[in-house]
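Trainee: Quick one: this structure, given as structure tokens, is what I'll be asking you about.
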Ligand code: DAT
Ligand code: MG
């Protein structure tokens, strides 16, 4: 079993797509081991996305991620990190396969409905960031 961090981003929460995304997560065999709906503070979003600091989209990313509530989940499944990234699809929704979450619910490369950890080490750091009690 492996764990990954998933976020339903403000665009998808605003559009009332959170329930459909959670339904899909369960249908695809993930267990939700932690879940909360919160508003990210600017400092939290900046720290969470610190790896992207200095990139042209960083300010826009932080502003977007703090623009409304997000649903944050720790997901568990065998090979969860890759399985969740496969379910999300590509960063750019139009490059995602038809049934992927970002294709279904994302609208642009910046506003792409969901986040997922990209490696074992980042998953551990990201889960600890939002769910220290699970570490
Ligand atoms: P991913 O979320 O697929 O891991 P990433 O880590 O490269 O992608 O980037 C993090 C987020 O930053 C991404 O989900 C949306 C935003 N982003 C990335 N590239 C962007 C770009 N070229 N323009 C606008 N936003 C971008
Ligand atoms: Mg990433």
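All of the numbers you see were taken from the coordinates with simple rules; none came from a lab. Just so it is clear, the structure is predicted and the values come from calculations on it, not from any experiment. All Cβ positions, even for glycine, are placed from backbone atoms using ideal geometry, and neighbour counts span all protein chains on display.
Trainee: What percentage of all Cα-Cα pairs in the range 2-134 are separated by more than 22 Å?
Mentor: Everything past 22 Å amounts to 30 percent.
Trainee: What nm distance separates the two modelled labels at residue 134 and residue 1, each placed 7 Å from Cα along Cα→Cβ?
Mentor: In this crude spin-label approximation the distance works out to 1.1 nm.
Trainee: Summing -39500 (n - 2.57) over the DSSP H runs of n ≥ 4 in the chain and dividing by its residue number, what mean residue ellipticity at 222 nm do you reach, to the nearest 500 deg cm²/dmol?
Mentor: On the way: 7 runs with 55 residues, N = 135.
Taking each H run of at least 4 residues, the total per residue is -11000 deg cm²/dmol.
Trainee: Another question, then. Compute the Rg/Rh shape ratio of the range 12-75: radius of gyration over Kirkwood radius, all on alpha-carbon atoms. Display every interim value, and only then the final one.
Mentor: Working: Rg = 13.5 Å, Rh = 13.1 Å.
Checking Rg against Rh, the ratio lands at 1.03.
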